[in-house]
Amino acid sequence: MATERSEDYLEAIDSIIGLKGYARVKDVSEILGVGPSSVTEMFQKLSEDGYINYEKYGGATLTSKGKKIAKNTRKKHQMLQDFLLILGVDDKIADMDACRVEHVLNPETLDRLTKFVEFVQIKEKEPRWLEHFNYYYETGRYVECTRDTSDECPVHGKKGNKSK
Ligand code: MN
């Protein structure tokens, strides 16, 4: 099984390959903020483990085994980042935290979160409860809002700041 660090490297290599077809030590060093000698060392290890094809003076490409892990990790990263953005977490923090959490969650949790993100982004046209959550986050106040009482709702009602 790939380590967390290998997964991050493969993820970075994959995104660089998407741009230029191969990844050099320098590119990965910039993206991950790691010194070139550590990247070279990791490239050798990833190559020994069969995740990348690496030629010392050329660039690295992914083997099918490496590609599978890279795509999977990127998918998890994106989903977790989206989830955190739904909660209202700042962009940069969402990206950083997604990159850490992506390695450790159980498949069931990932599946639930994936469905949740899909539900909020695609199925739910107007996630009123999410607006209520944002209101709760900002003010600490929970408001009851049903179809019958929504006129009085501080988030959705006529008297509120938003009318939907
Ligand atoms: Mn990561």
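The values are calculated or read from the model by the stated rules, or taken from the named source; none is laboratory data. Note that the structure is a prediction, hence the values are computed from the model and not measured. Cβ sites come from the backbone with ideal geometry, for glycine too, and all protein chains shown count toward neighbours. Heavy atoms of the whole protein, side chains included, go into the accessibility calculation; ligands, DNA and RNA do not. Shrake-Rupley method; radii C 1.70, N 1.55, O 1.52, S 1.80 Å.
Between SER15 and SER38, the contour length at 0.36 nm per residue exceeds the Cα-Cα span by 6.4 nm. Size descriptors for the stretch 46-141: radius of gyration and Dmax over Cα atoms are 17.9, 60 Å.
Between the helical axis of 36-48 and the longest alpha-carbon principal axis of the chain there is an angle of about 80 degrees.
With an a/c value under 1.5 for the gyration tensor axes a ≥ b ≥ c computed over the alpha-carbon atoms, the stretch 4-68 is described as rounded.
Annotation: aspartates and glutamates with alpha-carbon distance below 20 angstrom to LYS115 (same-chain offsets under eight excluded): ASP82, ASP95, ASP97, GLU102, GLU124, GLU126, GLU131. Out of every Cα pair in the chain, what percent are spaced more than 30 Å from each other? When every Cα pair of the chain is considered, 36 percent fall beyond 30 Å. In this simple spin-label approximation, GLU124 and ILE86 carry label points 7 Å from Cα along the Cα→Cβ vector, and these lie 0.6 nm apart.
Surface composition of the chain: carbon plus sulfur atoms hold 52% of the accessible area, using a 1.4 angstrom probe and ignoring ligands, DNA and RNA.
Taking the longest Cα principal axis of the chain as reference, the axis of helix 107-118 is set at about 50 degrees. For the chain, the longest principal axis of the Cα atoms and the long axis of helix 4-20 meet at an angle of about 90 degrees.
Database remark: amide H of LEU62 closer than 5 angstrom to the amide H of ASN53 (H placed geometrically; neighbours at sequence offset of 5 or more, or on other chains; Pro and chain starts carry no H).
Straight-distance candidates among the lysines for linking to LYS158, with alpha-carbon spacing under 21 Å and chain neighbours fewer than 8 residues away dropped: LYS125.
In this simple spin-label approximation, PHE116 and ASN72 carry label points 7 Å from Cα along the Cα→Cβ vector, and these lie 2.2 nm apart.
Taking 4.7 Å between beta carbons as the limit, the unpaired Cys residues of the chain are CYS99. Distance between the C-alpha centres of the stretch 1-51 and the stretch 75-142: 28 Å, rounded to the whole angstrom. Which FRET efficiency value, to the nearest 0.05, is calculated for GLU55 and ARG5 with the Förster distance at 22 angstrom and r the Cβ-Cβ distance? The computed FRET efficiency comes out at 0.50.
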